[in-house]
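Encoded as structure tokens, the structure appears first; notes follow it.
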Amino acid sequence: MKIDVRNLSKRFGNFVALKNVDLDIASGELLALLGPSGSGKTTLLRIIAGLDFADGGEVYFAGENAANLNVRKRHVGFVFQHYALFRHMTVFENVAFGLRVRPRRERKPEHEIVKRVKRLLEFVHIEGLAERYPDQLSGGQRQRVALARALAIEPNVLLLDEPFGALDAKVRKSLRRWLRDLHGELNVTSVLVTHDQEEALEVADRIVVMGNGKIEQVGTPEEIYNEPANSFVFDFIGESVKLPVRIENGGIWIGSRRLATNDELPASGPARLFVRPHDLTFGEVSEAPLQGAVRSVRRVGALSFADVRLDYGGDDLLVEASLPPETIVRAGDLVGLTPRRYRIYEDGAAESLTSA
Ligand code: ATP
């Protein structure tokens with residue numbers, strides 16, 4: 001089901017939680033609401049669900065103003081971070097719950113309910129756990145049950161609020177892939193709230209980056225990662241190195257060195273260059289626009305990083321650069337660094353994507 005959000009605003013007392021939010025959610029897509037804590041993700045989700053009311057604006061479900069639809073009529077499936085399973089019910093009963101509490105005329109006969117629950121448990125790969133109680137399950141298994149329960153009612157829209165937030169990194173990773181595959185089969189319109197950029201990048205068809213109650217950017221994972229609309233998105237979506245630069249005479253100046261570029265640049269004046277650590281390439285000291293001394297080298301799993309103290313026009317600036325596997329540097333080495341792909345932002349506003 002297609003969902004349109006129009007000019008939505010929400011305050012809690014004097015605090016503005018949502019500011020003029022406009023968003024089109026396509027039928028069947030998996031949309032991630034991504035942003036730091038307090039950016040308004042859950043508030044937006046709750047308003048879409050009908051659990052909370054906006055102060056201004058509208059939500060449309062398949063073109064119908066949702067103000068006329070209560071929570072039940074919106075037919076929404078929920079999964080929360082803290083598995084809200086009924087502790088006194090088995091897995092089977094938990095999943096069957098939504099089907100059994102329907103008004104009599106909408107309720108399916110018991111044998112159909114049993115068949116459907118069995119199918120759902122198979123679908124989420126927990127068919128062997130039907131008779132267990134929630135406290136006999138791992139966190140990951142509980143979230144599978146929660147999802148099966150949400151899907152049992154054949155929702156128009158599935159709302160997932162940090163569903164894997166309480167799980168350890170490894171389980172999170174495997175559940176993410178599982179959710180991605182599951183969504184591929186179901187194609188139910190889904191909105192996933194997360195503050196984990198990796199999760200959003202891996203799972204979502206499109207990502208909505210939120211900051212301070214506003215939408216900062218909407219795009220595919222590739223667009224969000226490769227073409228962040230502003231410094232907020234660049235910073236939030238991955239590791240970033242920020243360098244003060246000057247735009248002058250049609251070039252980018254890092255101290256007294258000019259960075260080669262053919263791209264269109266913002267107006268002359270001070271600006272900031274944002275680059276991912278793996279987009280800083282090591283090279284000849286005499287040729288690279290940045291020079292510095294390696295302070296330390298770290299390994300994190302398969303990756304290596306070098307902390308380089310840049311000689312930055314009198315100021316020292318410590319940056320972390322990713323080391324390609326074949327590059328060996330030691331503490332004390334003088335190295336040259338060249339930003340390979342970067343973006344220039346003028347006072348936080350989006351300007352241009354450039355690559356050297
Ligand atoms: P998190 O990732 O921490 O859940 P979020 O992006 O989901 O954050 P929201 O839960 O939407 O953020 O909250 C947005 C802001 O609104 C927060 O600053 C929060 O403190 C505030 N807020 C939310 N609900 C209420 C409420 N019922 N009363 C007062 N303030 C609230």
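The numbers here are math on the coordinates, done by the rules we state, and not lab data. Model, not experiment: these values are computed from the prediction. Backbone-built Cβ (ideal geometry, glycine too); neighbour counts: all protein chains shown.
Before moving on, here are some points about what is shown:
- Between residue 285 and residue 67, the C-beta separation translates, for a Förster distance of 56 Å, into a calculated FRET efficiency of about 0.30.
- Given their separation in residues at 0.36 nm each and the Cα-Cα distance between them, residue 153 and residue 263 gain 34.4 nm when the chain is fully extended.
- The local environment of residue 85, defined by Cβ-Cβ distances under 12 Å, has a net charge of +3 under the rule Lys, Arg +1 and Asp, Glu -1.
- Take the Cα of residue 106, step 7 Å toward its Cβ, do the same at residue 326, and the gap between the two points is 6.3 nm.
- Stretchable slack from residue 6 to residue 302, in nm (0.36 nm times residue separation minus alpha-carbon distance): 102.0 nm
- Between residue 340 and residue 53, the modelled label-to-label distance comes to 5.5 nm, taking each label 7 Å out from Cα in the direction of the beta carbon.
- Over the chain, relative contact order from alpha-carbon pairs under 8 Å, at least 6 apart, %: 16 percent
- At most 11 other Cβ within 10 Å, DSSP loop - trypsin sites (Lys or Arg not before Pro), region 284-346: 330
- Stretch in the chain that is longest and holds no GluC sites (Glu not before Pro) that DSSP places in a loop and that have at most 15 other beta carbons within 10 Å: 1-130
- A Förster radius of 45 Å combined with the Cβ-Cβ distance from residue 205 to residue 333 puts the calculated FRET efficiency at roughly 0.55.
- The chain: most fluctuating residue of 18, 243, 158 per GNM, C-alpha cutoff 10 Å: 243
- Rounded to 5, percent antiparallel among DSSP beta bridges of the chain: 75 percent
- Förster radius 30 Å - calculated FRET efficiency between residue 295 and residue 256, Cβ distance, rounded to 0.05: 0.85
- Which listed pairs, of 73/173; 41/73; 2/41, have C-alpha distances above 25 Å, in listed order: 73/173
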